[in-house]
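Visitor: I have a structure I would like to understand better, so I am pasting it below and will then ask my questions one at a time.
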Ligand code: 13P
């Protein structure tokens with residue numbers, strides 16, 4: 001049985017006061033029993049204040065990006081070690097917004113994934129097709145290239161720690177969700193690629209999150225699909241009530 005994982009990607013939102021209120025609100029009303037991993041991924045500037053606030057709670061911490069080098073002359077970048085220093089256990093890598101606006105390639109995402117794993121950060125590696133690619137019937141081709149490139153040569157421990165997030169670009173922030181059937185089809189396909197790359201045991205254990213307009217009213221149906229093991233939530237993660245309702249749907 002794979003444990004579900006619900007992660008909030010706050011993107012470029014939140015200053016420290018609002019961030020603290022949000023995590024206080026999440027902490028206060030977590031489902032009991034909690035049968036899912038819960039992660040918040042704030043922007044770099046509030047990681048420390050959120051880390052202090054969630055210490056000792058069931059809420060875990062992730063970042064939204066990082067560089068693959070340990071340190072050095074990379075102005076504006078943040079290293080895996082720096083993320084560990086502020087208590088991160090997860091890091092989102094290769095989000096479609098990073099790929100589209102900041103030129104991240106599968107090769108860069110792969111370097112980041114290996115660097116994250118070497119520092120005991122669990123990478124949440126994002127893949128997904130654009131609307132144009134879906135309409136041209138290229139979804140599987142695009143997703144397969146991203147999975148094979150971004151997750152190349154992770155090693156057995158790496159495969160065990162890594163998480164994949166399938167985020168169809170056309171569903172992100174648009175209110176247009178993939179239907180449970182559409183999402184399940186791609187998730188099962190991703191798992192078959194992982195099986196080919198890493199073997200059946202690691203593929204069966206791999207958690208694959210869905211992301212793209214996941215909301216309280218569609219979460220349950222998406223999360224009940226056999227190959228959907230969690231959610232990577234954008235807009236609905238910015239309010240405690242809607243994030244908690246999705247966590248509840250996973251429990
Ligand atoms: P929305 O939930 O706002 O569509 O964003 C999804 C996402 O990009 C999470 O990483």
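The values are calculated or read from the model by the stated rules, or taken from the named source; none is laboratory data. Treat the numbers as computed from the prediction; the structure is a model and nothing was measured. Here the Cβ positions follow ideal geometry from the backbone for every residue, glycine too, while neighbour counts run over all protein chains shown.
Visitor: What tally of residues in the stretch 158-180 results from selecting those that are in a helix (DSSP H, G or I) and under 19 Å from residue 112 (Cβ atoms)?
Guide: Of all residues in the stretch 158-180, those in a helix (DSSP H, G or I) come to 158-161, 169-171, 180.
Remaining after also requiring under 19 Å from residue 112 (Cβ atoms): 158-161.
Residues flagged as in a helix (DSSP H, G or I) and under 19 Å from residue 112 (Cβ atoms) within the stretch 158-180 amount to 4.
Visitor: If we scan the stretch 165-172, do we find a residue that is under 21 Å from residue 153 (Cα atoms), within 15 Å of the ligand (Cβ to nearest atom) and at pLDDT 95 or above? Steps first, answer last, please.
Guide: At the first step, the residues of the stretch 165-172 found to be under 21 Å from residue 153 (Cα atoms) are 165-166.
Right, trim to within 15 Å of the ligand (Cβ to nearest atom) and you get 165-166.
Right, trim to at pLDDT 95 or above and you get 165-166.
Yes, there is a match, as at least one residue in the stretch 165-172 is under 21 Å from residue 153 (Cα atoms), within 15 Å of the ligand (Cβ to nearest atom) and at pLDDT 95 or above.
Visitor: Of everything in the stretch 191-224, what is in a helix (DSSP H, G or I), within 16 Å of the ligand (Cβ to nearest atom) and either touching a helix residue (DSSP H, G or I) at 6+ places or on another chain (Cβ under 7 Å) or at positive phi (or both)? Give them in sequence order.
Guide: Filtering the stretch 191-224 down to residues in a helix (DSSP H, G or I) leaves 191-198, 200-205, 216-223.
Filter once more, so that each one left must be within 16 Å of the ligand (Cβ to nearest atom): 216-223.
Residues satisfying the conditions are 216, 219, 220, 221, 222, 223.
Visitor: Next question. Here is a check on your reading of the model: is residue 222 touching a residue at least 24 places away in the same chain (Cβ under 8 Å) and either under 14 Å from the mean Cα position of the chain (by Cα) or crowded, with 22+ Cβ neighbours inside 10 Å (or both)?
Guide: Working: touching a residue at least 24 places away in the same chain (Cβ under 8 Å): yes; either under 14 Å from the mean Cα position of the chain (by Cα) or crowded, with 22+ Cβ neighbours inside 10 Å (or both): yes.
Judged against the criteria, residue 222 is a match.
Visitor: So, in the stretch 225-241, of the ones that are away from the ligand (no atom under 14 Å from the Cβ) and not in a loop (DSSP other than H, G, I, E, B), which residue ends up surrounded by the fewest Cβ atoms within 10 Å (Cβ to Cβ)? Quick ask: steps written out before the conclusion?
Guide: Going through the stretch 225-241, the residues away from the ligand (no atom under 14 Å from the Cβ) turn out to be 225-229, 240-241.
Pick out the ones that are also not in a loop (DSSP other than H, G, I, E, B) and you get 240-241.
Values: 240: 18, 241: 11.
The extreme case among them is 241.
Visitor: Here are the criteria: (1) more than 16 Å from the ligand (Cβ to nearest atom); (2) assigned to a helix (DSSP H, G or I); (3) in contact (Cβ under 8 Å) with a residue 40 or more places away in the chain. Tell me which single one residue 183 does not satisfy.
Guide: (1)
Visitor: Separate question: For residue 100, work out the one condition from (1) over 23 Å from residue 192 (Cα atoms); (2) more than 16 Å from the ligand (Cβ to nearest atom); (3) exposed (fewer than 15 other Cβ atoms within 10 Å of the Cβ) it doesn't fulfil.
Guide: Here residue 100 clears every test but (2).
Visitor: Only one residue in 66, 87 is in contact (Cβ under 8 Å) with a residue 24 or more places away in the chain, more than 16 Å from the ligand (Cβ to nearest atom) and in contact with a helix residue (DSSP H, G or I) (Cβ under 6 Å, 6 or more places away or on another chain). Which one? I'd like the intermediate steps shown before the answer.
Guide: Numbers: 66 fails: more than 16 Å from the ligand (Cβ to nearest atom).
It is 87.
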